[in-house]
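Coordinate-derived values only; no laboratory data. On a predicted model such as this, the values are computed, not experimentally measured, just so you know. Using ideal geometry, Cβ is built from the backbone for each residue, glycine included, and neighbour counts are taken over all protein chains shown.
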Amino acid sequence: MEDPRSQVARLYRELGPVVYRRCLRLLGDRAAAEDATQEVFVKLMRDMDRLKDRETVLPWVYRVAMNHCLNVRRDARRRGQDGLAEDLEVVPDVQGERPDAYPDRQLAQAVLARFDEETQAVAVGVLVDGMEHEEVAAVLGISRRTVSRKLSRFLENARKFVARTGTGEAESDEGAVP
Amino acid sequence: MTRCASELALEAYLFDPTGSTIRDHLEGCAPCRVRLSRMEREGEEFRRFVEPRTLERVLAGRKPRESRWKRLLVTLVPAGGLAAAAAAMFLFSPGPPDGYVGAKGTPLSLRVWAGADDGARELADGERIPADARLRFRVASGQACRLWLLSVDGRGEVSRLFPAAGDAPATVTGGTTLPGGAALDGQPGPERLYAICSPEPIPFDRVERALRSTLAADDGALRRGASLPGLPAGAAQATMLVEKVP
């Protein structure tokens, strides 16, 4: 029988790359991604049964890593730290098309940090990672309808914010944070 | 119009290619194949560099050090100036030939070079070098053996340098310049390097335990370079100290 230490080492070797890639994509900095990977995995280890379940582990790991790294981005921004990538690299929507052809995605990057964790995860999932609403819903454990609603409000609020860039804050709305 | 696969879908493919639903899409989608290729490279980067540096802390359930004072970045290819200097040095220096076995009676030797953009030079034991110096390594053994190269600093932090990933030590024969190198962490203090080479592979855990027990038992062991106990018969050791200065 595999001892606990070997088991964790094996799971880290297998799932660590998933966490590292997610953090690298969201933080854009290798040292920050390395630190975040450790922190995420320590969190994941608190539920070893779930970590060992190959059928369900991937979306869970993905979500925990995404939430953690979005918080790291937000905290860094609040502290005025430099070093983390401002822009998120977005998935092309259609073969061969340039990602920057999508104004909504650029909008998402500009205002992402102003929203709560779940709304950020929805926006990143759909607008940055190119996930279907159903996929985001499954990863976050919320309904597809909630995904659509949060995304709509995110975009609506983000547009208002961008329209007022330099003059004030985003209007108070569900999901927006001061 | 075919929508590109999401990051999660690509992760699922890497996790379990046979159960993935995007195999057909990947065949016809060049952008997705490019993304997948990059993800594979990043996974390799994790296995080669991140995992060896972080596994112990993860196993202990600890967070990263706040200051990140220990960050030995093992690099596949050193930056231009150092690479060129090191290559020239290995090709043209009048040093010992391949197969050199170090001092008499020593079956393993370790040579270390520190480099910068203006050149690389071989270090003497105990030499003071910039705390963020880049290092290159060369080992020589009289016979084929399985090599681990690791380091420990004044705080007892052990870093695995070569091979950076995998469960097994690398096989070396004669004189071997190790691929890549290491960039020191920028923190002043002693850093002792150990090369351990044995006829049969030794698990890294065992080497690391031997190193930690030596340091725990003797405060002066780091600077004095005590040999590591408890290794299998036939295991050869070579060690070298560098003093990192601001």
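Each residue of region B:43-58 was assigned a 3J(HN,Hα) from its phi angle through the Karplus curve 6.51 cos²θ - 1.76 cosθ + 1.60 (θ = phi - 60°); the sequence is x, 5, 4, 4, 5, 7, 10, 6, 4, x, 7, 10, 4, 4, 5, 5 Hz, with glycine and proline shown as x. Neighbouring Cβ atoms from other chains, within 10 Å of the Cβ of residues in A:18-30, number 4 on average. What are the GluC sites (Glu not before Pro) within region A:2-63 that DSSP puts in a loop, where the Cβ has at most 14 other Cβ atoms within 10 Å? Loop-located and lightly packed - A:Glu2, A:Glu55. Extension gain, B:Thr18-B:Glu56: 0.36 nm per intervening residue step, less the Cα-Cα distance, totals 10.5 nm.
Compactness check for region B:122-233: Cα Rg over 2.2 N^0.38 Å is 1.04.
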